[in-house]
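I have placed the structure first, in the form of structure tokens, so that the comments after it can refer back to it.
The values are calculated or read from the model by the stated rules, or taken from the named source; none is laboratory data. Here the structure is a predicted model, which is why all the values come from computation and not from measurement. Every residue, glycine as well, gets a Cβ built from its backbone with ideal geometry; the counts of neighbours run over all protein chains shown. When the accessible area is computed, the model is the full protein with side chains, heavy atoms only, and any ligands, DNA or RNA have been set aside. Shrake-Rupley method; radii C 1.70, N 1.55, O 1.52, S 1.80 Å.
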Amino acid sequence: MSRKVTKAIFPVAGLGTRFLPATKSIPKEIMTLVDRPLIQYAIDEARAAGIKEFIFVTSRGKSALEDYFDHSPELAQALRKKGKTDLLDLLEDTNMDSGAIAYIRQHKALGLGHAVWCARRLLADEPFAVILPDDVIMNDKPCLQQMVEAYAETGGSVVAAMEVPTPQTSSYGILDVEDDMGSVVSIKGMVEKPAAEDAPSNLAVIGRYILSPDVMRNLGQTQRGVGGEIQLTDAIAKEMEDGRPVYGFRFRGQRFDCGSKIGFLKATVAVALERADLGAEFGTFLEDYIDQNSLQHTQTKAG
Ligand code: G1P
């Protein structure tokens, strides 16, 4: 029987240069989809999947993340005094149990594999999850929870997977499929960011992983790969070379690449439209805005 997954690693050491100048002073993971920081979505997803310990791999300039998860007694007291219980509940939802959260620094930007390896001493010989908060996945049953169920059935490492257009394979880890069973895919290899002509498929790894402790051991031996970085993909590929099973999992839900501006914008719109307090008004605004502006566009063209 597969062991329970109770720890998750959140690599959050990146500089977030694609969001400069905002990321000059705020970590990218604190940027909000409407009013919830990206990192909150990742934490909520992990909690829903039964994760109890949260390990953040950070870097310089990320202390706002630590503050975000801290209790804020002054704010709580002010809200209590004003009787704002709904906001108080919202705030309490972001608190973490004492000792449930650990921060470890990645001292050098040596890649995703290296970031994950930095957390090795916080794990016993146990399976663990990795969540990349840039990938926001919306679904009633959160993606990691779907994967925990798949892991319980397969017992091997599981990576989230999704078909991408062939020209985009060079932005992802790509799976070499052995047996396509629908939502679960057994794989025989994995390549980090191959050019379209070298890609073994167009099934891409998305930022959710459930990994066996062997992957952590492999990371200690993994040489620098694509981009001169230590790649998590290479340490997972080693599993298959060593004859251990790894599966791709086609999750249910819509994925937004919030590491890019356009993905972040799309996610913002999607979240806003889903919200009970904003969706209707925002939807009407969007429709009117598009109508009016395309009308103007037509008029300019015509006249
Ligand atoms: C990372 C991984 C890659 C994966 C991607 C998913 O790449 O290295 O294998 O497909 O996340 O978002 P990054 O986007 O950090 O370059």
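Considering only beta bridges that DSSP places wholly inside the chain, some 60 percent are antiparallel. Cβ-Cβ distance of E153 and R121, R₀ of 30 Å, FRET efficiency by 1/(1 + (r/R0)^6): the value works out to about 0.50. Among L286, L265, the sequence by solvent-accessible area, most first, with a 1.4 Å probe is L265, L286.
Between D277 and S2, the modelled labels are 3.7 nm apart [label points 7 Å from Cα along Cα→Cβ].
A Förster radius of 25 Å, combined with the Cβ-Cβ distance separating A195 from E163, puts the computed FRET efficiency at roughly 0.90.
The modelled label-to-label distance for the pair Q254/S183, using points 7 Å beyond Cα in the direction of Cβ, is 2.0 nm. For trypsin sites (Lys or Arg not before Pro), the sites in the stretch 196-249 that DSSP calls loop and that have at most 14 other Cβ atoms within 10 Å are R224.
Stokes-Einstein diffusion for the stretch 17-160 at 20 °C, viscosity 1.002 mPa s, with a Kirkwood radius from C-alpha pairs, works out to 126 µm²/s. May I ask which of K7/K62; K188/K266; K108/K266; K7/K141; K4/K108; K52/K81 have a Cα-Cα span longer than 27 Å here? Beyond 27 Å: K188/K266; K108/K266; K4/K108; K52/K81.
Sorted largest first by accessible area at a 1.4 angstrom probe radius, with every protein chain in place, the residues H107, H114, H71 fall in the order H107, H71, H114.
When only the Cβ of Lys, Arg, Asp and Glu is charged (+1, +1, -1, -1), the dipole of the chain relative to its Cα centre reaches about 900 debye. For the set Y68, Y209, the ranking by accessible area, highest first and with no ligand, DNA or RNA atoms included, is Y68, Y209 under a 1.4 Å probe. If a/c stays under 1.5 just call it rounded; otherwise compare a/b with b/c (prolate if a/b is bigger, oblate if not). Do that for the stretch 50-131, with a ≥ b ≥ c from the square roots of the Cα gyration tensor eigenvalues. It is prolate, given that a/c is not under 1.5 and a/b is the larger ratio.
Potential lengthening of the chain between L286 and S25 amounts to 90.9 nm, from the contour at 0.36 nm per residue minus the alpha-carbon distance. Under Stokes-Einstein, with the Kirkwood radius over Cα pairs as Rh, the value for the stretch 182-254 at 37 °C and 0.692 mPa s is 248 µm²/s.
Considering only R250, R121, R60, the Gaussian network model of the chain with Cα springs below 10 Å gives its largest mean-square fluctuation to R121. Extension gain for D242 to K84 (0.36 nm times residue separation, less C-alpha to C-alpha distance): 51.2 nm.
Considering only Cα atoms, the convex hull volume of the chain works out to 176 Å³ per residue.
Apolar share of the accessible surface for the stretch 167-282: 49 percent from carbon plus sulfur atoms, 1.4 Å probe.
Length gained on full extension, A100 to E66: 11.0 nm, using 0.36 nm per residue less the C-alpha separation.
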